[in-house]
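What follows is a set of notes on a single structure, which appears directly below.
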Amino acid sequence: MNNHKYDAIVIGGGHNGLVNAAYLAKAGKQVLVLERRHTVGGATITEEVYPGFKYLIASYLISLLRSEVIQELELARHGLEIMPLESTFVPLLDGNYLADWPDHDATKHEISRHSKRDAEAYDEYSRTMRRLALAVRPLLDLIPPDPTSVTPNDLATMAKVKGTLSGLRKDDFYLLARLMTMSAGDFLDEWFESTPLKGTKATSGIIGTFMGPRTPGTGYVLLHHYIGDIDGVFRAWGFARGGTGGLSQAIASAARSLGVEIKVNSPVAQVIVKNGVATGVALENGDEYFADIIVSNADAKRTFLKLVDSKNLPDDFINDIKRFRISSPACKVNLALDGLPEFTSLPKGKEALLRGSIEIAPSIDYLERAYDDAKYGGWSRKPFMDALIPSLLDPGMAPPGKHIMSMFVEYASSDLEGGWNEEKKAEFLDVVIDTLAEYAPNLKNIILHKHIMTPWDLENTFGLTAGHIFHGELSLQQLFFLRPSPQWSNYRTPIQNFYMCGSSTHPGGCITGAPGRNAAMAILEDRP
Amino acid sequence: MLKSSPFHSRTAPLMQADQWRRWAGYRAVSAYEMTHDREYLALRNACVLIDVSPLCKYHITGKDSLSFLNRLVTRDVSKCSIGGMLYTPWCNSQGKIIDDGTIAHLSENTYRLTSAEPNLRWLEDNAIGMEVKIQDVSEEIAALALQGPKSRDLLMTLTDAPLASLKYYRFVNTSIAGVPVMISRTGYTGDLGFEIWLESSQASTEAVWDALIQAGRAFALQPAGIWALDVARIEAGLIMLDIDYTPANKAMIDGQTSTPLELGLDWAISWNKGNFVGRKALLAEKQQGSSVTLVGLEIDHKEFERQHNQLALIAPYPFTAWRTMLPLAFEGKQIGYATCGVWSPTLKKYIAFGHLQSQFAINGTIVTIDLDVDRYRRPFNAKVTKLPFFNPARKKDVL
Ligand SMILES: Cc1cc2nc3c(=O)[nH]c(=O)nc-3n(C[C@H](O)[C@H](O)[C@H](O)COP(=O)(O)OP(=O)(O)OC[C@H]3O[C@@H](n4cnc5c(N)ncnc54)[C@H](O)[C@@H]3O)c2cc1C
């Protein structure tokens, strides 16, 4: 029994937990972070699963990380370096390919090979998405107001929301309203005619969501992924040196330098609640820690259905959390390679494309079929993949001359019929490799080691309920003032002094640091 | 990765100082020589040959082609008989300019439209329900601008076509060195000049280029790049997309867009040809008056020179045009912005384009522009004048 009292305890050392702890410490609080794993980072992590090869076993790229977090926590000083990912390569089985280069003329040239019309539309599409993203981005930094409430705070925030949106051009406002309610596929059909272009653009709408590109609501997800920026360049994805684990290490270092105490191998079993007020936590080994502020970085389901005794929560709230949609379709595959994959459709002289994203997303139909296969507890026979060869960007990721390949893969249901087990894992891993080998036939000959994280593994490893990469679907019914539950979308919970700071809260998943930072603002509002 | 012009095999060997630039995804020449002075001087005093192949070109055919074009652009295309060309802007439904270019009436129901930016999608979207065929022929057609006072004399040694009597904005079909060409009395220099249009095969482009260079020896012909062209087009008061206006479909906010009325193109709007895209908005603007007006500015270069001399410096006149937005002020308050400026070697004036709140767009008004004097930034007077700055009679004369 430890009687030391902290100002705040953060349950979970995911990137949001670390960000939250750092901001609280910056405001003068004495903060303890308790992480169940042997290392911090949560899903923002790099691990040397196979000696010499640093695997990105969960997240792999950074885009939506709020620049405020980088500046205010001085992450550069703590070792953060983000290299922009320059291109997207979409190999096709008919020998052709599509590419997006960091250069306007070059991209236009590539798209014109498929459709001149699309090459022109592409400019306008990108500008439009950037304008919309620019308009909605300030919302990410707001603590969501309750639109039905008339408290001065909520009213003031609603006014800000309105202010943000009223800056929009009229036609953009209508477009935004439509985009928010449409499917990514239908939206893209309005813009483009070429199949591979629509395929690759649709992927932004399905990343991490258990929805197909034709599911209404994926339009919003599409936009969500446009909101990120690096150095002011919208829709830029970057690779952190050392992988995304490099980022969590930088945040942890910043947190420590601000006085945050971090304990790993410390799984919390229960939040201690007395008379409706959270006062501390009990670890699985029985140790107890006390503080005035308890913050959970775990997802909403884990937090309220596992860590808190239900007698402390109102029924309707529990129902909201129970119905929070969290089934997940995403897997992560890492390969240790003896050389580079040779894509049949990659022309000589364009090898630079291997340094960017490599997308197996030849068409919207391909993606929708991949979803169809998985919808009823199955997996895609031909999965969608967002692949990357990080060792081409950061040679430290693999031994000299060797490479790693990271593949984000959809869809494989978290509710797999019959349940996941080692055999099923191996079977799906083969599906992934077979699919990729159709595009890069030498792949199987250069694999030194292969590794898969299914939703089952993501749950077991990171405590992500159903392995959901965003702590719950980014669908409209559970965003903004509805995330994770109406009335409790402002990082506060029905239990006094108990807060949430993970991706189940606004603005949701991805490596943003926004929930962690916003939650700190809310906490400091209550307890300056 | 940049595309090469169909004349690349001829232009590349002439390049002396690697002064290439981008133009619509093509590699284009800024200047062949180490400096562009001689290229500009040849343009106004002899003749120059400029590769303008990167222009976008569209063939528009079909029974509805005239009504389609008349719906699309602001000018009345029905006034353009076969063998004629016209310059015109086109707008979106808010009357905001999207692009500007020329239309040539090639034959019955057949037109060619040129533009600075690709417009295929805009054209197709506006052709819905009409019997027209729109073909992007940008890569199939090569183009050269032969500009300058001696251009006609030169061309007349290469073809029997009636160039002596060819009027401004008319064209003829003929051949040069056995290659079929269309020669139009058009250009972007405000001078006597022609544009030569031909199919883009290497055999054709090389034959025509070689013939022009060969014949040009007697007329001090000089291949020239965009730097020389840019000086000339500013003198001639001709606007440039992306520099003097942001096309409406590229603008992030309404404040970045312009209308033809604001850009001094009221003469290029036909109010009584029937409806066209943007007409309603433009008519309202015409009735209320435009809030912004494009004007010429003559910057007080004597003062510019004096201030440099005071520091024991020679005034660094911009012989290459600057293309940045500089604020323009009246009594210390910003009332507009300039978009480009250059020293005019012909006029011996420091000229610029200004976009002024209309109440200041009166000839003779003095506004100020901030310019660098070595390490300092100082306001200089600039006098509002009418465009163009330079408009020689030879531009339109016939023999
Ligand atoms: C496969 C995969 C790929 C992804 N790819 C990307 C990507 O490329 N780009 C991107 O921006 N985002 C990506 N994401 C999403 C992103 O990684 C997450 O949204 C983000 O990392 C979530 O951060 P968090 O801090 O909110 O939560 P988490 O990272 O989930 O952190 C929660 C932490 O709490 C700990 N914890 C849970 N329960 C307890 C307990 N009882 N006691 C103590 N500790 C506990 C966990 O161990 C964990 O460390 C990906 C996610 C996954 C899974």
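Where a number appears in this text, it was derived from the coordinates with a stated rule and is not lab data. Values in this document were obtained by computation on a predicted structure and should not be read as measured data. Counting neighbours? That spans all protein chains shown, and the Cβs are built from the backbone with ideal geometry, glycine included.
For a paramagnetic label modelled at 7 Å from the Cα of B:LYS280 toward its Cβ, which residues of the stretch B:76-115 fall within the zone defined by backbone nitrogen distances under 20 Å?
B:90-98
Which residue, B:ASP18, B:ASP136, B:ASP230, has the most motion in a Gaussian network model of chain B that connects Cα atoms within less than 10 Å?
Looking only at B:ASP18, B:ASP136, B:ASP230, the largest GNM fluctuation is found for B:ASP18.
Okay, helix-only estimate at 222 nm for chain A: each DSSP H run of n ≥ 4 adds -39500 (n - 2.57), divide by all residues, round to 500 deg cm²/dmol; what do you get?
So the helix-based figure for chain A works out to -10500 deg cm²/dmol.
Is there a simple number for the mean count of other chain Cβ atoms within 10 Å of the Cβ of residues in A:116-122, and what is it?
Averaged over the peptide's residues, the number is 5.
What angle do you read, to the nearest 10 degrees and between 0 and 90, between the alpha-carbon axis of helix A:422-439 and the longest principal axis of chain A?
Value to nearest ten degrees: 40.
Once a ≥ b ≥ c are taken as the square roots of the eigenvalues of the Cα gyration tensor of the stretch B:181-313, is the result rounded (a/c under 1.5), prolate (a/b larger than b/c) or oblate (a/b not larger than b/c)?
Judged from the Cα gyration tensor, the stretch B:181-313 comes out oblate (a/c at least 1.5, b/c at or above a/b).
I need the phi-derived Karplus couplings for the stretch A:363-379: 6.51 cos²θ - 1.76 cosθ + 1.60, θ = phi - 60°, integer Hz, Gly and Pro marked x.
The phi angles translate into 6, 5, 4, 4, 5, 5, 5, 4, 5, 3, 4, 9, 3, 9, x, x, 9 Hz.
Can you return the aspartates and glutamates within cross-link range of A:LYS301? Criterion is Cα-Cα under 19 Å, with same-chain partners fewer than 8 residues away left out.
Straight-distance partners of A:LYS301: A:GLU35, A:GLU284, A:ASP309, A:ASP315, A:ASP316, A:ASP320, A:ASP415, A:ASP457, A:GLU459, A:GLU473.
In peptide B:247-255, what is the residue-averaged number of other protein chain Cβ atoms found within 10 Å of each Cβ?
Whole-number average of other-chain Cβ neighbours for B:247-255 is 3.
Give me a comma-separated list of calculated 3J(HN,Hα) values for the stretch B:79-87, in order, Karplus coefficients 6.51, -1.76, 1.60 applied at θ = phi - 60°, integers in Hz, x for any Gly or Pro.
Using θ = phi - 60°, the values come out as 6, 9, 7, 4, x, x, 9, 9, 9 Hz.
Skipping prolines and chain starts, which residues have an amide H placed within reach, meaning under 5 Å, of the one on A:ASP299, given they are 5 or more residues away or on another chain?
Answer set, sorted by chain and number: A:THR465.
Between the DSSP loop rule and a limit of at most 14 other Cβ atoms within 10 Å, which trypsin sites (Lys or Arg not before Pro) in the stretch B:148-242 are left?
Here the sparse-neighbourhood loop sites are B:LYS167.
Per the helix-only calculation at 222 nm, which mean residue ellipticity applies to chain B, given -39500 (n - 2.57) for every DSSP H run of n ≥ 4 and division by its residues, nearest 500 deg cm²/dmol?
Value at 222 nm, helices only: -5500 deg cm²/dmol.
Tell me which chymotrypsin sites (Phe, Trp or Tyr not before Pro) from the stretch A:305-407 have a DSSP coil assignment and no more than 10 other beta carbons within 10 Å of their own.
Filter output for the stretch A:305-407: A:TYR376.
Can you give the mean number of other chain Cβ atoms that lie within 10 Å of the Cβ atoms in peptide B:122-134?
Across B:122-134, the average partner-chain Cβ count within 10 Å equals 1.
Distance cut-off 23 Å, Cα to Cα: go down the list A:LYS54/A:LYS402; A:LYS29/A:LYS306; A:LYS274/A:LYS306; A:LYS350/B:LYS250 and report the pairs above it.
Pairs exceeding the cut-off: A:LYS29/A:LYS306; A:LYS350/B:LYS250.
Could you list A:SER310, A:SER115 in order of exposure, starting from the residue whose Cβ has the fewest other Cβ atoms within 10 Å?
A:SER310, A:SER115
When ranked by the protection proxy of mean other Cβ atoms within 10 Å per residue, highest first, what sequence do the peptides A:25-36, B:325-336, A:125-136 form?
Descending packing order for the listed peptides: A:25-36, A:125-136, B:325-336.
Out of the stretch B:198-252, which chymotrypsin sites (Phe, Trp or Tyr not before Pro) are coil in DSSP terms and have no more than 13 other C-beta atoms within 10 Å?
Passing both the DSSP loop test and the Cβ count: no residue.
For chain B, set up a GNM with springs between Cα atoms under 10 Å and report which of B:ARG38, B:ARG71, B:ARG21 has the largest fluctuation.
Taking springs between Cα atoms under 10 Å, the residue moving most is B:ARG21.
Skipping prolines and chain starts, which residues have an amide H placed within reach, meaning under 5 Å, of the one on B:TYR245, given they are 5 or more residues away or on another chain?
Residues meeting the amide H criterion: B:MET240.
Longer than 22 Å from Cα to Cα, which of A:LYS375/A:LYS450; B:LYS79/B:LYS386; B:LYS3/B:LYS57; A:LYS375/A:LYS425 are they? Say none if no pair is.
Checking Cα-Cα distances, A:LYS375/A:LYS450; B:LYS79/B:LYS386 exceed 22 Å.
Using a/c under 1.5 as the rounded threshold, could you call chain B rounded, prolate or oblate? The axes a ≥ b ≥ c are square roots of the C-alpha gyration tensor eigenvalues, and prolate needs a/b larger than b/c, oblate otherwise.
Oblate shape, in that a/c is at least 1.5 and b/c is the bigger or equal ratio.
Would you mind ranking A:GLU422, B:GLU235 by Cβ crowding within 10 Å, fewest neighbours first?
Listing A:GLU422, B:GLU235 from fewest to most nearby Cβ atoms yields A:GLU422, B:GLU235.
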